[in-house]
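Visitor: What follows is a structure written as structure tokens; I'll ask about it next.
The values are calculated or read from the model by the stated rules, or taken from the named source; none is laboratory data. Everything numeric in this text was worked out from a predicted model, so none of it was measured. Here the Cβ positions follow ideal geometry from the backbone for every residue, glycine too, while neighbour counts run over all protein chains shown. We work out accessible area using only protein heavy atoms, side chains counted, and drop any ligands, DNA or RNA first. Shrake-Rupley method; radii C 1.70, N 1.55, O 1.52, S 1.80 Å.
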Amino acid sequence: MWCWRLAWLLRGPCRQRGSSGRRWLWPLRDTRTVVAALTRGHHTAPGSLPCAWQLHGDHLELRYGNTLMRLDFVWLRDHCRSASCYNTKTNQRSLDTASVDLAIRPQAVRVDETTLFLTWPDGHVTRYGLEWLLKNSYEGQKKQVMHPRILWNAEIYRQAQVPSVDCRSFLETDEGLKEFLQNFLLYGIAFVENVTPTKEDTEILAERISIIRETIYGRMWYFTSDFSRGDTAYTKLALDRHTDTTYFQEPCGIQVFHCLKHEGTGGRTLLVDGFHAAEQVLCRAPEQFELLSKVPLKHEYVENVGGCHNHMIGVGPVLNVYPWNNELYLIRYNNYDRAVINTVPYDVVRRWYHAHRTLTTELRRPENELWVKLKPGKALFVDNWRVLHGREAFTGYRQLCGCYLTRDDVLNTARLLGLQA
């Protein structure tokens with residue numbers, strides 16, 4: 001559990017005292033606007049979890065177990081799952097939200113041990129399972145993690161002994177694919193062994209889990225130190241840790257690397273869990289974490305080499321979090337491609353530099369560096385929204401191939417296999 005997730009839970013409005021089996025009351029607000037017959041509607045359900053409710057002027061307060069939910073009446077009408085409001089075959093809303101009276105209020109409310117019943121002025125009845133409300137309410141979402149992860153440094157990852165998945169199992173069985181995706185979702189990196197070292201076989205591998213995302217670099221790319229593109233990566237120089245395509249409005253989600261040949265020395269791949277580093281910043285300097293999550297920056301890629309002419313600009317903060325639970329979901333870190341900082345006023349710039357230095361210090365701690373020697377036959381998948389990569393300088397001829405994958409399709413594949421993604 002990340003420290004900021006824990007902090008949100010501890011300070012959240014749902015962490016209120018209560019005891020199982022006791023009647024539960026709380027002060028009413030806007031009592032003058034509540035219908036008299038409904039203000040007396042307090043109910044404790046006889047189910048395994050204590051339940052109590054109270055109507056207010058524009059919302060229902062419902063306590064189920066240890067969670068206090070505040071459910072707006074329009075929200076309750078809009079999310080009705082009755083046959084006339086929701087198509088269960090397509091899993092799409094049928095109700096025209098714009099037709100709902102924004103001043104709507106239920107005429108009757110009833111709760112049994114599992115279900116909330118609401119009768120609306122036109123006689124329509126909405127039914128909600130209490131567990132569904134617990135899962136889908138704002139307060140319930142604040143307690144949930146969208147993407148379960150294991151944060152790691154080099155030692156944590158080595159001790160976990162995360163296995164690689166055999167290529168045949170990956171391609172031919174759901175069990176192998178599920179094991180691979182579980183590793184990938186938890187750690188942000190995953191390996192497939194015994195891959196035929198060709199671009200064509202690497203492409204087949206990638207298409208097993210996603211649609212390949214074609215970019216300015218093409219669909220599948222060969223990667224050598226021929227400086228065929230206007231990028232430091234196409235040299236033999238060392239590359240510091242970074243995420244790719246920060247200059248895209250939506251950075252590529254997953255990157256695939258497969259070393260096809262290396263006749264020389266050096267060239268190890270560096271991997272750093274950016275979320276682990278960000279957690280350290282949050283725990284030690286929460287105000288700097290907040291600054292990195294709110295200040296928008298431009299990243300830029302300008303290329304005029306041979307027949308390649310590109311000018312890409314992406315805008316976004318270094319750290320991106322879900323606002324309802326403060327869960328980090330994307331790190332955009334690339335000092336090579338960061339453009340001129342002209343989106344930040346002067347009285348914020350210096351504080352931002354301090355915050356950026358704090359994050360960089362965490363990212364560069366030796367204990368956070370996982371070094372991997374990529375060899376022919378071993379393909380690496382990297383979550384480009386989480387894990388930074390780099391490399392040491394090398395000699396000789398080194399050829400890699402790879403591609404970018406669409407994040408939505410990878411997560412779709414995982415969910416269809418029953419994984420939380």
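Visitor: Within the bounds of segment 409-416, is there any residue that is assigned by the TED database to the domain that holds Lys199, in a loop (DSSP other than H, G, I, E, B) and surrounded by 16 or more Cβ atoms within 10 Å (Cβ to Cβ)?
Guide: The answer is no; no qualifying residue exists.
Visitor: Could you list, in sequence order, the residues of segment 52-62 that are open to solvent by less than 10 Å² (accessible area, probe 1.4 Å) and closer than 19 Å to Lys142 by Cβ?
Guide: Leu60, Glu61, Leu62
Visitor: Could you please find all residues in segment 90-143 being farther than 16 Å from Leu60 by Cα, without any contact (Cβ under 8 Å) to a residue 24 or more places away in the chain and either in the same structural domain as Trp324 (by the TED database) or among the hydrophobic types (A, V, I, L, M, F, W, C) (or both)?
Guide: Answer for segment 90-143, where residues must be farther than 16 Å from Leu60 by Cα, without any contact (Cβ under 8 Å) to a residue 24 or more places away in the chain and either in the same structural domain as Trp324 (by the TED database) or among the hydrophobic types (A, V, I, L, M, F, W, C) (or both): Leu95, Ala98.
Visitor: Check Glu279 against each of (1) at pLDDT 95 or above; (2) under 19 Å from Met146 (Cβ atoms); (3) surrounded by fewer than 16 Cβ atoms within 10 Å (Cβ to Cβ) and name the one condition it does not meet.
Guide: Of the numbered conditions (1) at pLDDT 95 or above; (2) under 19 Å from Met146 (Cβ atoms); (3) surrounded by fewer than 16 Cβ atoms within 10 Å (Cβ to Cβ), the odd one out for Glu279 is (3).
Residues checked against (1) open to solvent by 40 Å² or more (accessible area, probe 1.4 Å); (2) aliphatic (A, V, I, L, M); (3) not assigned by the TED database to the domain that holds Thr202:
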position	(1), (2), (3)
Leu237	yes, yes, no
Asp244	no, no, no
Tyr247	no, no, no
Glu250	yes, no, no
Ile254	no, yes, no
His262	yes, no, no
Gly266	no, no, no
Leu270	no, yes, no
Leu291	no, yes, no
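Visitor: Only one of Pro121, Pro106 is open to solvent by less than 20 Å² (accessible area, probe 1.4 Å) and farther than 26 Å from Lys143 by Cα. Can you tell me which?
Guide: When all the criteria are applied, what remains is Pro106.
Visitor: Say we look at segment 124-142 and pick out the residues that are within 26 Å of Tyr322 (Cα to Cα) and charged (D, E, K, R); which of these is surrounded by the fewest Cβ atoms within 10 Å (Cβ to Cβ)?
Guide: Checking each candidate, the answer is Lys135.
Visitor: What about Asp72, is it open to solvent by 60 Å² or more (accessible area, probe 1.4 Å), at pLDDT 95 or above and either polar (S, T, N, Q) or over 24 Å from Tyr322 (Cβ atoms) (or both)?
Guide: When the stated conditions are applied, Asp72 does not pass them.
Visitor: Can you work out which of the residues in segment 338-348 that are open to solvent by 30 Å² or more (accessible area, probe 1.4 Å) and in contact with an Asp or Glu (Cβ under 9 Å, 6 or more places away or on another chain) is farthest from Gln280 (Cα to Cα)?
Guide: Per the stated criteria, the residue is Val340.
Visitor: Can you tell me how many residues in segment 313-332 are more than 16 Å from the chain's Cα centre (by Cα) and open to solvent by less than 50 Å² (accessible area, probe 1.4 Å)?
Guide: Residues that pass the stated criteria total 1.
Visitor: For residues in segment 353-385 being assigned to a helix (DSSP H, G or I) and β-branched (Val, Ile, Thr), which is nearest to Glu250 (Cα to Cα)? Please lay out each step first, then the result.
Guide: Step one: of segment 353-385, the residues assigned to a helix (DSSP H, G or I) are 353-363, 366-368.
Adding the requirement that they be β-branched (Val, Ile, Thr) leaves 358, 360-361.
On the way: Thr358: 25, Thr360: 22, Thr361: 26 Å.
This residue is Thr360.
Visitor: Return a yes/no flag: does segment 326-337 have any residue that is closer than 23 Å to Ile204 by Cβ, touching a residue at least 24 places away in the same chain (Cβ under 8 Å), part of a strand (DSSP E or B) and out of contact with any helix residue (DSSP H, G or I) (no Cβ under 7 Å at 6 or more places or on another chain).
Guide: no
Visitor: I need the strands (runs of 3 or more DSSP E) fully contained in segment 100-149, keeping only those with at least 3 residues that are aliphatic (A, V, I, L, M) and closer than 24 Å to Leu68 by Cβ. Show your work before the answer.
Guide: Working: elements: 108-111, 115-119, 125-129.
Once the strands (runs of 3 or more DSSP E) in segment 100-149 are filtered for at least 3 residues that are aliphatic (A, V, I, L, M) and closer than 24 Å to Leu68 by Cβ, what remains is 108-111.
Visitor: Just to be sure I understand, how many residues within segment 216-235 are at pLDDT below 75 and surrounded by 15 or more Cβ atoms within 10 Å (Cβ to Cβ)?
Guide: Selection size over segment 216-235: 7.
Visitor: Mind listing just one residue for me: the one in segment 349-373 that is more than 27 Å from the chain's Cα centre (by Cα) and open to solvent by less than 100 Å² (accessible area, probe 1.4 Å) and, of those, nearest to Ser293 (Cα to Cα)?
Guide: Val349
Visitor: Going by the structure shown, is Asn194 in contact with an Asp or Glu (Cβ under 9 Å, 6 or more places away or on another chain), touching a residue at least 40 places away in the same chain (Cβ under 8 Å) and open to solvent by less than 70 Å² (accessible area, probe 1.4 Å)? Give the steps one after another, and end with the answer.
Guide: On the way: in contact with an Asp or Glu (Cβ under 9 Å, 6 or more places away or on another chain): yes; touching a residue at least 40 places away in the same chain (Cβ under 8 Å): yes; open to solvent by less than 70 Å² (accessible area, probe 1.4 Å): no.
No; evaluated as a whole, the condition is false for this residue.
Visitor: Shifting gears a bit: So in segment 248-301, with the set limited to residues that are touching a strand residue (DSSP E or B) at 6+ places or on another chain (Cβ under 7 Å), part of a loop (DSSP other than H, G, I, E, B) and of a type in the set (A, V, I, L, M, F, W, C), which one is farthest from Leu370 (Cα to Cα)?
Guide: Phe248
Visitor: Determine whether Val387 is in contact with an Asp or Glu (Cβ under 7 Å, 6 or more places away or on another chain) and either of a type in the set (Gly, Ala, Ser) or touching a residue at least 24 places away in the same chain (Cβ under 8 Å) (or both).
Guide: Considered against the rule, which asks whether it is in contact with an Asp or Glu (Cβ under 7 Å, 6 or more places away or on another chain) and either of a type in the set (Gly, Ala, Ser) or touching a residue at least 24 places away in the same chain (Cβ under 8 Å) (or both), Val387 comes out as yes.
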